[in-house]
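Read through the structure below, which is laid out as C-alpha cells, and then see the notes.
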Amino acid sequence: MAHVVPMTSLDNTYDADDLGEFVRRVKDGLPASADPVFCVEPKLDGASIEILYRNGRLEGGSTRGDGLTGEDVTLNLRTMRSLPLTIDHAGPLTLRAEVVIYRRDLERINRERAALGESLFANPRNAASGALRMLDPRVVASRGLRAVVWQVVEGETLAKTHSGALARLAELGLPTARKERICRNLEELLEAVQGLDAARRDFPYETDGAVIKVDEFSQQAILGATAKFPRWAIAYKFGAERATTRVLDIEVGVGRTGVLTPVAILEPVQLAGTVVSRASLHNEQIVGQLDVRIGDEVSIEKAGEIIPQVVSVAHAARQGQERSFSMPTHCPSCGTAVERVPGEVAVRCPNPECPEQVKGAIFHFSRRFAMDVDRLGEALIEQLVAKKAVHDVADLYVLTAETLESLERMGKKSAENVLASIVRSKEQTLDRLLTGLGIEHVGQVAARQLAEAAGSLETLLGWDDAEVVAHVSAIAGFGPKLVESVRSFLADAVKRPLLERLRDLGVSRPQPRAVLTEGPLSGSSFCVTGVLSRRREDVHADIRARGGEVHDKIKQGTTYLVIGEKVGKAKLDAAKKFGTKILTEAELATLLEGNSG
Ligand code: IVH
C-alpha cells in the first residue's frame, strides 16, 4: 500500500543545547511576525502504522515499510479493540499511529512463551511489530496490540493545530496519548520533556523520548522537510530503560506444583525507577539459550511492570571464573530428589510435604476464586509454615488464637480477624474447595462439574475407585486425562486423608444440583478465555441458561472458543487443532441475544 505522504523519520536530540538549536532553526525558518508554539508529547516505542478512515469507516492500514509503501495490515488493525471500526466523521482521514503492547501484556506473553519453551521477546516493540505482520488476525488479537495516534496527515480540516486535531480525534473516539503539552519557549519545553521522563514509568506502554512539534499546521507547511526529516518536529531521546549488572548467583524457586524455577540473583541496579536484584530465568532451557553463568555481566530490561528480564549476556567479557548453572538434582527447599516430567521442560520436586509447595498450596487454597480466606496473606502463610503450625490446608481449620497471636506483627484483633475469615471459608460450596485443592487439570469449570456430579464431599469420598471412574467419566467433556487426575487424587495416600480431615472439620457446603437446561444452545459447547467485559462466571451462567455446555479447556468437540482480550497462544492453537470456532465477546452476545433463554 502506497503512503499518501512518505513516512519519514525524526531527527534526534539528547540535551538542552540541541533542543535550543531546534527552537532557533524553527524561528529562523518562519516570518519574523510568527511566534511559534510547540506541542510536546510522548514518543511511543512501538511500530508505526498508517490508518485510513473513509466515509467514517476504518478502510485500511499499512506498516511503515520503506517509508513510501508499506505492508497491508488492515485485517490486523480491525482486531484492535482500541481502534473504532466506524467514526462520526465523513471526510477522509489519514492518520499515523504507533502500535504498542502494554508492558503487563508483554509480561503475560513472555510467561506463556516460557511455559511453551519458546524464546522471549526482549521488548514490547519487537513483540508488537512481529505481531502486526503476522498472517493470523486471531493471534494478533491475542497479543493485545493497541494503536496510539500521533499525527493527522490528511484531514487537516479537523483543526488548525496539531494539538487541536489530536483533541478532536479523541472526541471521535480514536486512541491518542492525551499527554500533550503546549510550550512557548525553551524553558517550558525542557520542563515538559523532563515531566514526561519522570512520569513514563507509570505509562502502561514504553516510551523512549518526547516529540516536540510546531503546533500550527500553517507553520509546519512553511518549514517543510529535508529529504530525511520534517523541519517542524524533533525527538528528544531519553536514556534507555536497560541496565547492565552482574549475576551473583542463580537460585532455584519451588512453586505450588513442585516445579523448580531458576532465578538470577543480581548485583542490585537501578532500572526504570526501582532497584532490581532478581530476574526469573524461567527454566533450564532458557538458561541454556541465553548461556548465562554465575559471574556473568548481563543486560536487563524491564519488559513488564515488575518483572525484569535478562535480555543478553556479555559473553566476550568473561574472565574465566564464571560458573555454569545446572538444575539441582535435589529440591532446594526439602532435599528430595527431583524428577523430570517426560515431554516437558519442567523439573519437579515430588515431595508433597515440601515447605515451598505447602506454602504455595495454602496460598492457592485461600485465593479469592477458591476458598477466599481473605485475611491470610503470603507473609502470614510463610510464618505459619516456617513455625510448623500448618502442614496442609486442613491445619488452617484447627489453628488457635494463641498460635496466631504468637506470630510476628499479630495482635489480638488481627488474630481474631484471621480466624474469622478461616471459619467463614467453611461455608464455601464444594466447587470452591475442589478448585482450591489444585487438582491437576481441574480448573474452576471442571471443579464445578465435579462438585455437581458428587453433590457433597461426603458423597465424593464415599465412592470407591471404580465408582469414581464411572461417575467422573460420565461428566460432559471429561476426557481420560482429567478422569485419571481426579481418580489418582482421590486415591492418593496423602490427599485422601486430607480430604477426610476436611470433611470431618465440616469444610464446604453441598453443591446445588445442576439444573439441566434444555435450550437453543443445547448440543453446543463453549470454552471462554481471556479478559472479558463481564465476570467469566456470569458469561458461563448465560451460556448454561440456554442449554449450552461450558468447558474449562478446549478439547475435541468443543464447538466455540469465546475470546476476550489477552488470549494465550496455546488456546488459539488448540482451537485450530480441534476445529473449534472462534467467537469474540460481541459475537457471543449476538448469539445469546438471538437465543434468549
Ligand atoms: S511524529 C514525520 N510523534 O518515532 C515523522 N512520531 O523516529 C513524524 N513515534 O516513525 C513523527 N511516537 O514511529 C511522532 N508522538 C509521536 C511518536 C512518533 C512515536 C515514532 C514514529 C516515527 C518515529 C520517528
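What follows is calculated from the coordinates using simple rules that are stated; it is not laboratory data. This is a predicted model, so every value here is computed, not measured. In this analysis, Cβ positions are derived from the backbone assuming ideal geometry, glycine residues included, and neighbour counts consider all displayed protein chains.
Label sites at R535 and D88, each approximated as a point 7 angstrom past Cα along Cα to Cβ, lie 3.4 nm apart. Taking amide H positions as modeled 1.01 Å from N, with prolines and chain starts lacking one, the residues under 5 Å from G60 and 5 or more places away or on another chain are L52. Against the main long axis of the alpha-carbon atoms of the chain, helix 162-171 sits at an angle near 40°. Computed from the C-beta positions of A115 and V494 and an R0 of 22 Å, the FRET efficiency is 0.25 to the nearest 0.05.
Quick one: net charge around P92, please, counting Lys, Arg +1 and Asp, Glu -1 for every other residue with C-beta under 10 Å from its C-beta. Taking every other residue near P92 into account, the sum is -1. Here the Karplus relation 6.51 cos²θ - 1.76 cosθ + 1.60, evaluated at θ = phi - 60°, turns the backbone of the stretch 59-73 into coupling constants of 9, x, x, 8, 7, 5, x, 8, x, 9, 10, x, 6, 6, 10 Hz, with x for every Gly and Pro.
Under the rule a/c < 1.5 gives rounded, and otherwise a/b versus b/c splits prolate from oblate, where does the stretch 467-510 land using the Cα gyration tensor? Intermediate values should be presented prior to the final figure.
Numbers: a/c = 3.06, a/b = 1.70, b/c = 1.80.
Since a/c reaches 1.5 but b/c is at least a/b, the shape of the stretch 467-510 is classed as oblate.
Gyration tensor analysis over the Cα atoms of the stretch 1-91 returns equivalent ellipsoid semi-axes of 33, 17, 14 Å (largest first, whole Å). For the stretch 380-465, a Kirkwood radius taken over Cα pairs fed into Stokes-Einstein (37 °C, viscosity 0.692 mPa s) yields D = 223 µm²/s. Close amide H pairs (under 5 Å, H built 1.01 Å from N) link G253 with T261, V263, residues at least 5 positions away or on another chain.
Normalising by the residue count of the stretch 1-122, find the relative contact order in percent from Cα pairs under 8 Å and 6+ residues apart.
Once normalised by length, the contact order is 27 percent.
Each Lys and Arg contributes +1 and each Asp and Glu -1, all at the Cβ; summed about the Cα centre of the chain, the dipole is approximately 680 debye. Taking a ≥ b ≥ c as the square roots of the eigenvalues of the Cα gyration tensor, the stretch 113-201 is oblate, since a/c reaches 1.5 or more and a/b is not larger than b/c. Rounded to whole numbers, the Karplus 3J(HN,Hα) couplings from phi for the stretch 506-511 are x, 8, 5, 9, x, 8 Hz, using 6.51 cos²θ - 1.76 cosθ + 1.60 with θ = phi - 60°, and x at Gly and Pro.
Diagonalising the gyration tensor over the Cα atoms of the stretch 537-597 and scaling each eigenvalue by 5 before taking the square root yields semi-axes of 20, 12, 10 Å, largest first. May I ask for log10 I(q)/I(0) of the chain at q = 0.10, 0.12 Å⁻¹, from a Debye sum over the Cα atoms as equal point scatterers with solvent left out? With one equal scatterer per Cα and no solvent, log10 I(q)/I(0) is -1.05, -1.29. Using the structure shown, select from K27/K160; K481/K553; K27/K179; K359/K553; K160/K228 the pairs with a Cα to Cα distance greater than 21 angstrom. With Cα atoms farther than 21 Å apart: K27/K179; K359/K553; K160/K228. Within a straight-line Cα-Cα reach of under 20 Å, K387 can be paired with the following aspartates and glutamates, leaving aside sequence neighbours fewer than 8 residues apart in one chain: E353, E356, E378, D395, E402, E405, E408, E416.
Helix 444-454 and the longest principal axis of the Cα set of the chain meet at an angle near 20°.
Computed extension gain for D249 through T400, at 0.36 nm per residue and net of the alpha carbon distance, reaches 50.4 nm. With each label modelled as a point 7 angstrom along the Cα→C-beta vector, the K412-D28 pair spans 8.0 nm.
Please state the shape class of the stretch 328-433: rounded when a/c is under 1.5, otherwise prolate if a/b exceeds b/c and oblate if not, all from the C-alpha gyration tensor.
Note, shape of the stretch 328-433 comes out oblate.
Unpaired cysteine residues in the chain (no second Cys Cβ under 4.7 Å): C39, C183, C527. The P(r) of the stretch 280-357 has a tail past 14 Å containing 69 percent of all C-alpha pairs.
Scalar couplings 3J(HN,Hα) for the stretch 74-90, obtained by applying the Karplus form with A = 6.51, B = -1.76, C = 1.60 to θ = phi - 60°, are 3, 4, 5, 5, 5, 7, 7, 4, 6, 9, x, 6, 9, 9, 8, 7, 7 Hz; x denotes Gly and Pro. Straightening the chain between D202 and V469 buys 90.9 nm, computed as 0.36 nm per residue apart minus the Cα-Cα spacing. Across all Cα atoms of the stretch 395-524, the radius of gyration (one decimal) and Dmax (whole number) stand at 17.5, 58 Å. Here's the picture: charge each Lys and Arg Cβ at +1 and each Asp and Glu Cβ at -1 in the chain, and of A386, L223, V345 the one pushed furthest to the positive end of that dipole is V345.
Given in Å, the Rg to one decimal and the Dmax to the nearest whole number for the Cα atoms of the stretch 218-377 are 22.4, 75.
Report relative contact order for the chain in percent, whole number only (criteria: Cα-Cα under 8 Å, sequence separation at least 6). Relative contact order here is 10 percent. Look at the dipole of the stretch 453-565 built from charges on Cβ: of I543, L490, W463, the Cα furthest out on the positive end belongs to I543. Put a plus charge on the Cβ of each Lys and Arg, a minus charge on the Cβ of each Asp and Glu, and nothing anywhere else: the dipole of the stretch 315-433 about its Cα centre is then about 220 debye. One decimal place: the segment A379-D15 gains 126.5 nm when fully extended, by the rule 0.36 nm per residue minus the C-alpha distance.
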